Amino acid sequence: KPRPLARATLRGTLNVLSALLGRAAEDGLIPVNPARGLARDIAAPTSSEVEEVEVFTPGELGGLLGIAESDYPEWHPFLLCLARTGIRLGEAVALEWRDVDFERRVLLIRRTERRGRVNVPKSGKARRVDMSPQLTATLWGLTSLQEAEAALAGRTAPARVFPMPGTGGPIRDDVFRNNVWTPMLRRAGLRYRKPHTLRHTYASLLIEAGESLKYVQEQLGHHSPAFTL
């Protein structure tokens, strides 16, 4: 059963449609723009929808990462990075090796990619995100593997930390969601939740571990601790 479209997706689609029909009306091809104002009619989220923030339990997260490591090894570093840093999906897709500081164990998040377009992060500014020892070791092994494979093939190593397995191009979020994420949840016996749930889980685990709200806010790139909370 297809999942319902998000309100933001509906609004974006209607805004594009309205712009096209508005230009047609200006050119005299149609009498009026029938889509004008439709995006404003989409209901705002209810308070219960806003307050509901889903997370994985530690057991569910561990099981999911275990399945990724055993059944989807080429995707495991990508999943581990999302789970251990809380960065957004597009930020992980756009991450480059020059953004990885192994000595200080930090990632510099300064771009995001969505549908082939590279932009600044959602917050509008770069931020530093700490890496756990586990993630640091995994990424160190990944860069060594990529360099070795590139040398054997007589090509340069990829600039992206997480190129698309098999093709080497940018990861497409629809391919990841449909061919990796959804089957992985099914194998773990978990109902569908968005990849963004890994970000919520990361934040929740930090708070439960006693980290300050200010630190969590900075790691996530939120505009205020109140929004994080």
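Using the structure shown, decide if R187 is open to solvent by 70 Å² or more (accessible area, probe 1.4 Å) and touching a helix residue (DSSP H, G or I) at 6+ places or on another chain (Cβ under 6 Å). In short, yes.
Consider the range 27-63 and keep the residues that are acidic (D, E) and within 30 Å of L79 (Cβ to Cβ). The one that is modelled with the highest pLDDT is E60. For P165, the criteria (1) at pLDDT below 95; (2) within 14 Å of the chain's Cα centre (by Cα); (3) not hydroxyl-bearing (S, T, Y) hold in every case but one, which is (2). Applying the condition of being assigned to a loop (DSSP other than H, G, I, E, B) and open to solvent by less than 50 Å² (accessible area, probe 1.4 Å) to the range 220-229 and asking which residue is farthest from D130 (Cα to Cα) yields S224.
For (1) open to solvent by 70 Å² or more (accessible area, probe 1.4 Å); (2) aromatic (F, W, Y); (3) modelled with pLDDT under 95; (4) within 17 Å of R105 (Cβ to Cβ), each residue gets a yes or a no:
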site	(1), (2), (3), (4)
K125	yes, no, yes, no
D130	no, no, no, yes
L139	no, no, no, yes
L145	yes, no, no, no
A148	no, no, no, no
R155	yes, no, yes, no
V161	no, no, no, yes
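Among the residues of the range 202-219, those identified as in contact with a helix residue (DSSP H, G or I) (Cβ under 6 Å, 6 or more places away or on another chain) and open to solvent by less than 60 Å² (accessible area, probe 1.4 Å) are A203, L206, L213, V216, Q217.
The values are calculated or read from the model by the stated rules, or taken from the named source; none is laboratory data. Bear in mind that the values here come from a model prediction, so they are computed numbers and not experimental data. Reconstructed Cβ throughout: ideal geometry from the backbone, glycine too, with neighbour counts over all protein chains shown. Ligands, DNA and RNA are stripped out before the accessible areas are found, and what is left, the full protein with its side chains, is counted by its heavy atoms. Shrake-Rupley method; radii C 1.70, N 1.55, O 1.52, S 1.80 Å.
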